[in-house]
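The values are calculated or read from the model by the stated rules, or taken from the named source; none is laboratory data. As the structure is a computational prediction, the values presented were derived from the model and not from experiment. Glycine also receives a Cβ, built like all others from the backbone with ideal geometry; neighbour counts cover every protein chain displayed. Only protein heavy atoms, including side chains, enter the accessible area calculation; ligands, DNA and RNA are left aside. Shrake-Rupley method; radii C 1.70, N 1.55, O 1.52, S 1.80 Å.
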Amino acid sequence: MRRVIITEFSNLSEKLSNQCIIFSYRLQNLCIKAEPASLLSIQVNIDGQNKNIEECAAIGKGDDKYTFKIIPLFEEDLPQVALAIKRAHPEFKQDIEELQIDDVDMASVMISESTEDARKVRNLPYILLTMPEVNDTRYDVLTEGLKLCYDECKAKIDAIYNASKLKFDKEKLLETKDDQDKLDGLVEKIKTKTDEQCEQIYNNKLQEIEAAFSKWQEEHLFDS
């Protein structure tokens, strides 16, 4: 096949793949589980300078898949980190918790020359972030938002495919019949694969929503 067809096929493959990547990223911002990607956009003002949250805090998973532990690198920055999170995600519940950690008083080490004598336990404050519950109202909002994102992704995939198909139909006229059939099969195969990948991303997110909704229903089973 000629270079123009190989190049167009490569471009089609890349464009379709990018749509699935964008779709997946958008769904990470429909916060169900504690997804690190949901924190990437957070800017924390430290001494008048904006910093990415990962530059001024350690981010870890909580005790379940719906919580984060945000531990500021400096305790004095905790209020600013909490404020930045609230601005970016007001829907996240914040609680100030404490971790007990071993600490060493270096002055005591100098005197006693023993880290055991200087070892002490201190409380380290951190922010426990909890994802919002998926109640009846939020379930409807999330499923509708998910379907909207899915439909938009599918529409873009179809538009990219149709535009490339027009180019292929024009350029393949100069190819042999065998190469034309081979090209049609490859183009159709990559479109089918992309559709399946898009649908899988959709279904995975829907399962997350359903699981979180079931969790909420179980916890509120006996509410009046």
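Brief remarks follow.
- Placing +1 on the Cβ of every Lys and Arg and -1 on the Cβ of every Asp and Glu, with nothing else charged, gives segment 12-105 a dipole about its Cα centre of roughly 920 debye.
- Shape summary: the chain maps onto an equivalent ellipsoid whose semi-axes, from the alpha-carbon gyration tensor, are 50, 25, 15 Å in decreasing order.
- Rounded to the nearest 20, the size of the Cβ-charge dipole of the chain about its Cα centre is 1300 debye, with Lys and Arg at +1 and Asp and Glu at -1.
- Too-long pairs where the Cα-Cα distance tops 23 Å, listed order kept, from Lys167/Lys191; Lys147/Lys193; Lys61/Lys215; Lys147/Lys189; Lys65/Lys86: Lys147/Lys189
- Choice from Leu30, Leu128, Leu183 showing the highest fluctuation, given a GNM over the chain with Cα pairs closer than 10 Å: Leu183
- Contour minus Cα-Cα distance for Lys193 and Ile6 (0.36 nm per residue): 65.5 nm
- In this structure, the amide hydrogen of Ile46, modeled 1.01 Å from its nitrogen in the peptide plane, lies closer than 5 angstrom to those of Lys51, counting only residues at least 5 positions away or on a different chain.
- With 0.36 nm allotted per residue and the present C-alpha distance subtracted, the Glu144-Leu186 stretch has 11.7 nm of extension available.
- Unit charges at the beta carbon, dipole of the chain: most positive-side option, Ile160, Gln197, Pro72: Ile160
- The residues of segment 1-101 have, on average, 59 Å² of accessible surface per residue, using a 1.4 Å probe with all protein chains present.
- Solvent-accessible area of segment 50-107 (1.4 angstrom probe, protein heavy atoms only): carbon and sulfur portion equals 47 percent.
- Equivalent ellipsoid, segment 152-199 (semi-axes from 5 times Cα gyration tensor eigenvalues, Å): 23, 13, 4
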